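Inspection log for the structure reproduced underneath, given as structure tokens.
Read the figures in this text as sums done on the coordinates, not as results from a lab. This one's a predicted model, so the numbers in the text were calculated from it and none came from an experiment. All Cβ positions, even for glycine, are placed from backbone atoms using ideal geometry, and neighbour counts span all protein chains on display.
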């Protein structure tokens, strides 16, 4: 494993190498070097399966984090590659040429986060939200509760307790 | 090099799918286009119940043979198959599953309903024939349940479809669903289960609610 990391370090500007859950090695790379790196991992190092492509919205830093987890079926080992891109007019290079099923992940991310993947097949098609005309709902500045209350006729009489305030009231009623 | 011949559009269609004309028994000529999607343009009408003993007899007959559309949304659909297994045996109550909306009289909305699914549920409901009833399972259909603040699941079903019986729980067990069927039977026998008529009377209100959330309305107003 260390040999591969050393090898990748020599060729690509990798930073922030860490360990995630279940012993997954996570590393960050510049967005422009991602596709060459994944190509190298797939062709030279046997990481032939794309397990998942997921997104995190770092609203405070004005960034999106894309995590590509690839799997080596012979060594039974996962490797996670993280990429940070700007939140404004977010756009990322498509990897559907490496793995066909990445197009589905990218289509979903386009719909839920509004990150564009130019050239990915069917990336503009509707996936789950038919006729959605609002902000992409998985962005953290989209207020789902407010949207649901305005749209879906909430039934009156529903009480919701804030957990922190409820426990404080229960444990320390005098304060 | 052979020149490209004029190929008719329906060359590769099966003969029964091509446009053709049919002569009726009275000599009228009917043009048929099998690939066109035909639907009835008429809006639903209120079917006034009969009076007296006849309506009571009909209600008894309706209550004793509830045919359920085998259609599941959300997590509650996993509670329906055991209902028809020997342990719970819904057949002894006259409840049975049917595969298509045309053959069934009860629509079970089993759990949370996404907007995308609501569109299909409305189509299924409108294609069912009178008399028809709706049973809603789970707290999601009552007030949204744990999805009350979701961007894509409806909060209360009775704004979109006329609900006869709600069964509370998350999810209700098959015993609860059997109790719900018995409740629906009582309701039908007492003559209160007029959901289809209510839907026909208040069609504008229902359609306004449905079109508020289904933004790409690409189907007829009332489709069946």
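Details
- Degrees, to the nearest 10: B:203-213 long Cα axis against longest axis of chain B: 80
- With a 10 Å cut-off around each Cβ of B:152-159, the average count of Cβ atoms from other chains is 4.
- The simple spin-label model puts a point 7 Å past each Cα toward its Cβ; for residue A:158 and residue B:100 those points are separated by 3.8 nm.
- Tilt relative to chain B, helix B:53-64 - C-alpha long axis, 0 to 90 degrees, to 10: 90
- Mean Cα-pair separation over length for the range A:2-171, i.e. relative contact order, pairs under 8 Å, 6 or more apart, %: 14
- By definition, a body whose alpha carbon gyration tensor gives a ≥ b ≥ c is oblate when a/c is 1.5 or more and a/b is not larger than b/c, and the protein assembly as shown fits this oblate description.
- Peptide A:126-138 has a mean shielding of 4, counted as Cβ atoms of other protein chains within 10 Å of each residue's Cβ.
- Put in line by how crowded their Cβ is, counting other Cβ atoms within 10 Å and starting with the fewest, A:172, B:91, B:147 read A:172, B:91, B:147.
- Anisotropy class of the range B:29-133 from Cα gyration tensor, a/c 1.5 cut: oblate
- Packing, taken as the mean count of other beta carbons within 10 Å per residue, orders the peptides B:124-131, B:13-20 from highest to lowest as B:124-131, B:13-20.
- Per residue of B:145-151, other chain Cβ atoms within 10 Å of the residue Cβ number 6 on average.
- Nearest-ten-degree value, helix A:102-113 long axis tilted from longest Cα axis of chain A: 30
- Shape category assigned to the range B:53-213 from the gyration tensor of Cα positions, a/c cut at 1.5: oblate
- Length-normalised contact order for chain B - Cα pairs under 8 Å, 6+ apart - percent: 21
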